[in-house]
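Q: Submitted below is the structure of interest, expressed as structure tokens.
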Amino acid sequence: MSTAGLAAPARVGERFSRTVKLTAEGIHEFAQAAGDMNPLHHDAMFAEASRFGGIIASGTHYVALIMGLVATHFTAQGEAAAGLEFSFQLKKPVRAGDTITLTWEVMEVTPKASLKGDILTLNGRITTQTGAEVLTCVGKIVLFYPS
């Protein structure tokens, strides 16, 4: 692992997380901003009559939250980072009122001289307050060395 000039280099096994409560209003606002007009995110009566029994978050909503956590975590100390690739499996819906925990773990750190940084391979997951796993993901980012 290369650590040239990094204040706190990423390391295999590093974990970071954030907890977020999703409200019906927040779900509606995000879906509207994203252009997702599915009534499951906006119409309480429609959503209650569905197999989900109420308002659910757009998958793009909680995907955006977990991706945002990666960017925030690795740039918090003034380091530059950029996403390279991500894949997601949406396993269960996130309902209005759910409190979700977003978690990432660094699985591999590979020096990449041509990018002047390290490639980090990450595993992520989101669980609800009941422990239900609603999303799993894998990502790769580059963490650039300071100039």
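Q: Conditions: (1) in contact with a Phe, Trp or Tyr (Cβ under 8 Å, 6 or more places away or on another chain); (2) outside any strand (DSSP E or B); (3) under 19 Å from Arg18 (Cβ atoms). Trp104 meets all but one. Number of the miss?
A: (2)
Q: Could you say whether any residue in the range 47-67 is modelled with pLDDT under 95 and surrounded by fewer than 14 Cβ atoms within 10 Å (Cβ to Cβ)? If you could, list the steps in order and put the result at the bottom.
A: Applying the first criterion (modelled with pLDDT under 95) to the range 47-67 yields none.
No, there is no match, as no residue in the range 47-67 is modelled with pLDDT under 95 and surrounded by fewer than 14 Cβ atoms within 10 Å (Cβ to Cβ).
Q: Those residues that are part of a helix (DSSP H, G or I) and surrounded by 15 or more Cβ atoms within 10 Å (Cβ to Cβ), I need them from the range 68-96; list them, please. Spell out the reasoning first.
A: The first filter runs over the range 68-96 and keeps only residues part of a helix (DSSP H, G or I), leaving 68-75.
If the condition is that a residue be part of a helix (DSSP H, G or I) and surrounded by 15 or more Cβ atoms within 10 Å (Cβ to Cβ), then Leu69, Val70, His73, Phe74 are the ones that fit.
Q: Within the range 119-134, identify whether any single residue is more than 28 Å from Phe144 (Cα to Cα) and in contact (Cβ under 8 Å) with a residue 60 or more places away in the chain, and answer yes or no.
A: Yes, the range 119-134 contains at least one residue that is more than 28 Å from Phe144 (Cα to Cα) and in contact (Cβ under 8 Å) with a residue 60 or more places away in the chain.
Q: Every residue in the range 79-136 that is among the hydrophobic types (A, V, I, L, M, F, W, C) and under 16 Å from Ala57 (Cβ atoms), please.
A: Phe88, Leu90, Val94, Ala96, Ile100, Leu102, Ile126, Ala132, Val134, Leu135
Q: Sort out which residues of the range 36-53 are more than 30 Å from Ala76 (Cβ to Cβ) and within 23 Å of the chain's Cα centre (by Cα), and write them in order of number.
A: Met37, Asn38, Leu40, His41, His42, Phe52
The values are calculated or read from the model by the stated rules, or taken from the named source; none is laboratory data. These figures come from a predicted structure and were not determined experimentally. Here the Cβ is made from the backbone with ideal geometry for all residues, glycine too, and neighbour counts use every protein chain on show.
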